[in-house]
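Read the figures in this text as sums done on the coordinates, not as results from a lab. Fair warning: this is a prediction, and the values are worked out from it, not measured in the lab. Quick reminder, even Gly has a Cβ in these numbers, built from the backbone with ideal geometry, and neighbours come from all protein chains shown.
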Amino acid sequence: MAISASEVMKLRQMTGVGMMEAKNALEEAAGDIDKAIEHLRKRGAAKAAKKADRETAEGRVHTYTHGTGKIGVMLELQCETDFVARNEQFVDLCNDIAMHIAAMSPLYVTREDVPQEVIDKEKEIMKEQMAGEGKSAEMLEKIVDGKMNKFYSEVCLMEQAFIKDEDMTIAQLLEKKLLELGENLKISRFARYQISA
């Protein structure tokens, strides 16, 4: 089946994939745009996993000041090329993540960044709270694991629900943007400043 250039262009605009990838998806879907999009989405998860290991040596340091200037965020978001670092979509992503940090006050980028002494202290507090409940040691461990996951989702940026779309975490937002921009993306670090009253 012959696929027209306008169909390829339409699919590229809808998905952000490359020209050959759009053409191949349309050929596999016999020209059906909806099926082509579904096919690209299925392949996208596999592509994201492959790209996640690639080196991020470029990027930008982005600053954001919220409202009346009492909250400020500095964010380092890395990508693979300076071309993407200058891309408007990448800059918008930096701004969205910095705005999220201003609103949600995460303490760490990932759960691996949480110091062991903080983890130990949290677990100790949780176990003390449940001490008189007569639960078995095994049951206590499961409950503590669940509570720790909740703790990580509150203090780790990558596990927080994105303020603009609470159905996705910041990690899922980065994965989505990785597919759109075609490069690995990584939040290296951030700093949040607030003038206290």
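What angle do you read, to the nearest 10 degrees and between 0 and 90, between the alpha-carbon axis of helix 170-181 and the longest principal axis of the chain?
Result, in degrees: 20.
Set the bar at 24 Å for Cα to Cα. Now go through K121/K142; K164/K186; K10/K164; K23/K186; K35/K177; K142/K164 and name every pair that lies beyond it.
Result: K10/K164; K23/K186; K142/K164 exceed 24 Å.
Compute the distance from the alpha-carbon center of region 64-91 to that of region 124-196, in whole Å.
Centre-to-centre distance over Cα atoms comes out at 22 Å.
Shape verdict for region 79-126, please, from the Cα gyration tensor: rounded (a/c under 1.5), prolate (a/b greater than b/c) or oblate.
oblate
Take the Cα coordinates of the chain, assign each an equal point scatterer, and use the Debye formula without solvent to give log10 I(q)/I(0) at q = 0.09 Å⁻¹.
Result of the Debye calculation: -0.48.
Where does each of V91, V109 land when they are ranked from fewest to most other beta-carbon atoms within 10 angstrom?
V91, V109
Most mobile of T68, T81, T110 per a Gaussian network model of the chain (Cα springs, under 10 Å)?
Top of the fluctuation ranking is T68.
How would L40, L107, L173 line up from fewest to most surrounding beta-carbon atoms within 10 angstrom?
So the ranking, lowest neighbour count to highest, is L107, L173, L40.
Please report Rg (one decimal) and Dmax (integer) in Å for the Cα set of region 115-155.
Every Cα atom of region 115-155 included, Rg and Dmax give 10.3, 30 Å.
Which whole-Hz couplings ³J(HN,Hα) result when phi for each residue of region 73-79 is put into the Karplus expression 6.51 cos²θ - 1.76 cosθ + 1.60, θ = phi - 60°, listed in order with x for Gly and Pro?
Karplus values, whole Hz, x for Gly and Pro: 10, 10, 10, 10, 10, 9, 9.
In deg cm²/dmol, rounded to 500, what helix-only [θ] at 222 nm does the chain give when every DSSP H run of at least 4 residues adds -39500 (n - 2.57) and the total is split over its residues?
Rounded to the nearest 500, it is -17000 deg cm²/dmol.
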